[in-house]
2 protein chains.
Amino acid sequence: MFSILDWKPKIGILGGGQLGWMMILEGRKFPFTFYVLENDKNAPACRIADRCFSPQEYKEFVDSSDVITFEFEHVYEEALKYAQESGKLLPRLNSVELKRERYKEKLFYKQHNLPTPRFFVAEDGEEALKILREEFNNIGVIKESKGGYDGKGQYFIFNDVEKYQFLREKKEKMVVEEYVNFDFEASVIIARDKKGNFVSYPPTYNYNEKGILVYNYGPYFNQEIINVAKRLSEELDYVGTMGVEVFVTNGQVLINEFAPRVHNTGHYTLDGALISQFEQHLRAITNMELGQTTILSPSGMVNILGTDKIPVEVLKYGKVYWYSKSEVRKRRKLGHINVIGNNLEEVKQKIDKIMQLIYPNGLDL
Amino acid sequence: MFSILDWKPKIGILGGGQLGWMMILEGRKFPFTFYVLENDKNAPACRIADRCFSPQEYKEFVDSSDVITFEFEHVYEEALKYAQESGKLLPRLNSVELKRERYKEKLFYKQHNLPTPRFFVAEDGEEALKILREEFNNIGVIKESKGGYDGKGQYFIFNDVEKYQFLREKKEKMVVEEYVNFDFEASVIIARDKKGNFVSYPPTYNYNEKGILVYNYGPYFNQEIINVAKRLSEELDYVGTMGVEVFVTNGQVLINEFAPRVHNTGHYTLDGALISQFEQHLRAITNMELGQTTILSPSGMVNILGTDKIPVEVLKYGKVYWYSKSEVRKRRKLGHINVIGNNLEEVKQKIDKIMQLIYPNGLDL
């Protein structure tokens, strides 16, 4: 490929949420066509795609596309499989498979010597509670193996085991983990191309509540996080943008989980970096050059969760991305606000100011 | 307006070129609907608008919109007039009227004591040549009064008057100007809202060839340029983003011309600033807060003119915006490439590198 215009790929995105929406907005700068596979025609990415296919049309969707990627890994099993068989899927199915069952992801870390909180795999809820008692003295985290994201299916238990007896009914695999009393949570956004070239944005400090990211900011320079993410991406022979979430405790880095896609903690790159995580992903999966990941300025992001009351005053402090979802629901990610500042303190002050403006009565998650 | 979501305006844009395209891409982050008035349904902004109206449908276009703005001021006279009468046009018609006839723009500068190169208004080409001889000793610039942009209708004369005798046939008003042997050209992007709030990005150094912008970069800190632009915007009671191009000669600032819209020399703000000139324009015309104009990093832009051979290597140095116009034509603006750097030298080096990559045989304008 000599010119970036020699190839005008049709890119199929599985899922019509905000991650796909931003991928398309960023990708409009290239001569790409965007197809989306999504049930809800009013979903953010569907509204701006060149064509929105319904899930039943997945074969036509895959056949019409040159490359298939996804913005959400927990649905569309048939479509993902069909795309993988067609050789068009990037990132490849091996990454998704680790996310389909949390225990596989954890075992992968163990197998490849990637640092992660101590854990055991239980065959069902009964065994999980037993392991919690015997190995962790009833203080730990039980996670359902299937389909967890945004804190769903995770139980933080602090001796109050009686509250969790309902888990005994669950006849499915679970992961039982030590409770990590972390200093803070962090994450890194990396990208890797087919030739194995690797780039990384600086990590960020993240603040989650009830399993949902509320805000994050950076740069937080920590080479160990980048090294761990690099090794993970290499072990997977990964292609695309990936987010890796970690706990930092006493200087030690432990992988909490990874996302085989663009990630909420990378939204700041839309403004804090020349090339965003979305463009980086598109460059990687279309086999172009990866781009600069240097941060132009300390920056951060606040998620807009479950509210559409966004005082005009926030525009003084940041840049609003409103996803125009069809309805407001509790805990729902409806938009985000990017901020920049001369230093981390200024960024954090703006985040605090925005938090007060959009959640005057506190967060309700 | 308490929440930015209390009003979901339908914004009508006159013109379907790249400026409208970027306005829509940036505006998708707000709950706006975008209509475009444009003859060519494949024009960049039409392809991503919610609806593209043909010029004959201008009444329906204006009636359907809450606010009307424009990305190009040299066409759609009837539509602009109708929009102004409806009270929906921003910026208002007074700015456009100055651009319809260059002599009015120049007289406006003189009348308001805004610095501009010395000039005379001629009634026709015959008189223009006479003034050039008598006032400027046959060294100067003759500009047709109507419809000039990108260097069209401008004649730089250096004693070679015989080449320009065809101007005698022109029975229309002309502007005859002194030739300014400037040190360099510069411009500033400003925005102003209905309440008179004013913001300005730092000016940039511009390099034009044959009347077309080739590249620009900044920041170039020059308060005088900002002051002049501020006064101009106040005299016009301007609302929206405006570009003001100046000559800088021995430290003196002379206005060359202004554009009552987003401007090619402000494309770097898409990446060099948190809030771009496009978002700033939308904020101003929808009566929201103006945003930050601080520059995150020294930055610049290279126009892609008349070529679609864009080596993949440029992706190492910058961020490509390809407008996907229907055909490649000489001198046509087909895209641009934004760059950032740690300092002006680094930005300029990247610009030079990109120039070599996309114009290996030099510019052909």
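Computed values, structure above
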| read-out | value |
| --- | --- |
| Gaussian network model of chain A, springs between alpha carbon atoms under 10 Å - residue of A:Leu114, A:Leu344, A:Leu315 with greatest fluctuation | A:Leu315 |
| Long pairs among A:Lys29/A:Lys230; A:Lys8/A:Lys333; B:Lys104/B:Lys152; A:Lys353/B:Lys29; B:Lys106/B:Lys173, criterion Cα-Cα beyond 23 Å | A:Lys29/A:Lys230; A:Lys8/A:Lys333 |
| Ranked list, fewest to most other Cβ atoms within 10 Å of each Cβ, for B:Arg168, A:Arg51, B:Arg261 | B:Arg168, A:Arg51, B:Arg261 |
| Volume per residue that the Cα convex hull of the stretch B:184-358 spans, once the total is divided by residue count, Å³ | 116 |
| Distance from the stretch B:183-259 to the stretch A:1-23 (C-alpha centre basis), Å | 36 |
| Gaussian network model of chain B, Cα within-10 Å springs - most flexible of B:Glu169, B:Glu123, B:Glu245 | B:Glu169 |
| Three-way shape label, the stretch A:24-87, alpha-carbon gyration tensor, a/c 1.5 | oblate |
| Exposure proxy ranking, count of Cβ atoms within 10 Å, fewest first, for A:Phe184, A:Phe30, B:Phe72 | A:Phe184, B:Phe72, A:Phe30 |
| Relative contact order (%) - the stretch A:28-121, alpha-carbon pairs under 8 angstrom, separation at least six | 17 |
| Shielding of A:38-48 by partner chains, average beta-carbon count, 10 Å | 1 |
| Pseudo-label separations to other copies for B:Thr249 - Cα-to-Cβ vector, 7 Å, nm | 7.1 |
| Inter-probe distance in nm under a simple model that places probes 7 Å from Cα toward Cβ, at B:Glu126 and B:Asp183 | 4.4 |
| Residue among B:Glu257, B:Glu57, B:Glu73 with the largest mean-square fluctuation in a Gaussian network model of chain B, springs linking Cα atoms under 10 Å | B:Glu57 |
| Burial ordering of A:Asp308, A:Asp50, fewest other beta-carbon atoms within 10 Å first | A:Asp50, A:Asp308 |
| Cα gyration tensor shape of the stretch B:291-350, rounded if a/c is under 1.5, else prolate or oblate by comparing a/b with b/c | prolate |
| Value of relative contact order over chain B, rounded to a whole percent, pairs C-alpha under 8 Å and six or more apart | 13 |
| About the Cα centre, charge dipole magnitude for the protein assembly as shown (Lys/Arg +1, Asp/Glu -1 at Cβ), debye | 480 |
| Fraction of beta bridges assigned by DSSP in the protein assembly as shown that are antiparallel (%, nearest 5) | 80 |
| Mean separation of Cα contacts under 8 Å (6+ apart) over length of the stretch A:184-358, as relative contact order % | 22 |
| Ascending list, in nanometres, of distances separating the B:His112 label from those of the other copies (7 Å, Cα toward Cβ) | 6.2 |
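Quick note: the coordinates plus some simple rules give every number you see, no bench work behind them. Because the structure is a prediction, the values reported are computed rather than measured. Heads up, the Cβs are rebuilt from the backbone with ideal geometry, glycines too, and the neighbour counts pull from every protein chain shown.
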